[in-house]
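Following: one structure in structure tokens, then a few remarks.
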Amino acid sequence: MKVLITQFRKEEWSPYIAGALLGLVGILAVFLSDNLLGASGAFENIAGLIGQAVAPEAFDNVYFNYVMPPGITWGVVLMVGVFFGGMLGAKSSRTWKLRMISDEQWKVVFGNKWWKRWLIAFVGAIILEYGAGIAGGCTSGLAISGGMLLAPAAFLFIAGMFASGIITAWLVYGRRF
Amino acid sequence: MSDYIIALFLGVFFGLLLQKAGLTKYHKIVNVFRLTDFTVLKFMMTALIVSMTGLYSLKWLGIITFPNVPATYIAGNVIGGLIFGVGMAITGY
């Protein structure tokens, strides 16, 4: 038992252990509630909810009426859980801390200005969510959840994601560090 | 209602595992695209293998039926993936 607690408190687990456990979580999601794990859809559900309250006409379209119906969906609740789960993870290893820039490597590349990190993250996140919207999911919702059902969509998505990710990383970071 | 409790519960595990694998860190995400740290791939592929094996076994045993499989639109999935990759590489999320 003590060994398990020590293991649990470690800041970083083996990605193989964590990955295998996530696989079990993915199975449980299907088994217990016939749902797939996913992250990006929750944003659209919430955005749709706010959008329909603020500008009902702009949000009265095929996408929000049929493809991504607004509401507090299963995925939204899942994301609330993810927030607390992530917090629990950081708390358990005593590395939980509020930061303006979360990563040392980022500082090496872009400097110490926090607004720069937030601005780039904001713009990048728009691109990311837009891509996820077109593809029909993100890393978790399409690549992992689709992949585990052997959906061709998932593997096409993974190929696209890595192709452009590698090129972008090369263009942006090059040999800068 | 019970579905929401399950979602919350599974979400906590999902978040915990992402955090413990280090995937909440900028450098882990970016470095997989720089081909210097393959944590993301190790995590993703292990999760895929375990869940794939489990789900297909359970389906074969007749215990579960599959939920809606994500639809395949070749152009949509590839173009979406290409745009997504750009965003992922610059945000590091």
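The values are calculated or read from the model by the stated rules, or taken from the named source; none is laboratory data. The model shown is predicted, which means the values in this text are computed figures rather than measured ones. Cβ placement follows ideal geometry from the backbone for every residue including glycine, while neighbour counts extend to all protein chains displayed. Ligands, DNA and RNA are excluded from the accessible area calculation, which covers all protein heavy atoms including side chains. Shrake-Rupley method; radii C 1.70, N 1.55, O 1.52, S 1.80 Å.
Average partner chain C-beta neighbours within 10 Å, per residue of B:29-37?
Partner Cβ neighbours, averaged per residue: 5.
Whole-Hz Karplus ³J(HN,Hα) for region B:59-76, in order, using 6.51 cos²θ - 1.76 cosθ + 1.60 and θ = phi - 60°, x for Gly and Pro?
5, 5, 6, x, 7, 10, 10, 6, x, 4, 6, x, 5, 9, 10, 3, 5, x
So, in Å, what gap is there between the alpha-carbon centers of region B:1-77 and region A:33-52?
Rounded to whole Å, the Cα centres lie 17 Å apart.
In chain A, which helices (entire DSSP H runs) extend 30 Å or more along their own long axis, judged by Cα positions, while averaging at least -0.5 on the Kyte-Doolittle scale?
Working: long enough: A:114-135 (31 Å, 1.03); A:152-173 (31 Å, 1.75).
Qualifying helices, which must be both long enough and hydrophobic enough, are A:114-135, A:152-173.
Given the -39500 (n - 2.57) contribution per DSSP H run of 4+ residues, what per-residue ellipticity at 222 nm results for the protein assembly as shown, rounded to the nearest 500 deg cm²/dmol?
On the way: 11 runs with 180 residues, N = 270.
The helix contribution divided over the protein assembly as shown gives -22000 deg cm²/dmol.
Of all the C-alpha pairs in chain B, what % are more than 23 Å from each other?
Percent of Cα pairs beyond 23 Å in chain B: 45.
Show which aspartates and glutamates lie in cross-link reach of B:LYS28 when reach means a straight Cα distance below 20 angstrom and same-chain residues fewer than eight apart are skipped.
By straight Cα distance, B:LYS28 reaches A:GLU11, A:GLU12, A:ASP103, A:GLU104, A:GLU129, B:ASP37.
Would you mind working out the accessible area per residue for the protein assembly as shown, using a 1.4 Å probe, and quoting it in Å²?
Details: 13910 Å² over 270 residues.
Solvent-accessible surface per residue comes out at 52 Å².
Below 15 angstrom from the Cβ of A:ILE17, what's the summed charge of the other residues (Lys, Arg +1; Asp, Glu -1)? Walk me through the numbers before you get to the answer.
On the way: positive: A:ARG9, A:LYS10, B:LYS20, B:LYS42; negative: A:GLU11, A:GLU12.
Around A:ILE17, the charge tally is +2.
Take peptides A:61-73, B:20-32 and line them up by average Cβ neighbours within 10 Å, highest first, as a rough protection proxy.
Final packing ranking: B:20-32, A:61-73.
With a cut-off of at most 10 other beta carbons within 10 Å, and DSSP calling the residue loop, which trypsin sites (Lys or Arg not before Pro) in region A:70-158 qualify? Please list them.
A:ARG94, A:LYS97, A:ARG99
Could you work out what % of the accessible surface of chain A is carbon and sulfur, using a 1.4 angstrom probe and leaving DNA, RNA and ligands out of the count?
C and S atoms contribute 71 percent here.
Around A:THR73, with a cut-off of 11 angstrom between Cβ atoms, what is the net charge of the other residues, counting Lys and Arg +1 and Asp and Glu -1?
Computed value for this residue: -2.
Given a cut-off of 27 Å, what percent of all Cα-Cα pairs of chain A lie beyond it?
For chain A, the fraction of Cα-Cα distances above 27 Å is 42 percent.
Of the accessible area of region B:11-93, with the probe set at 1.4 angstrom, what percent is carbon plus sulfur?
72
Per residue of B:60-73, count partner chain C-beta atoms within 10 Å of its C-beta, then hand back the mean as an integer.
Mean inter-chain Cβ contacts per residue within 10 Å come to 5.
Does region A:1-65 come out rounded, prolate or oblate, given a ≥ b ≥ c as the square roots of the eigenvalues of its C-alpha gyration tensor, rounded meaning a/c under 1.5 and, failing that, prolate meaning a/b above b/c?
prolate
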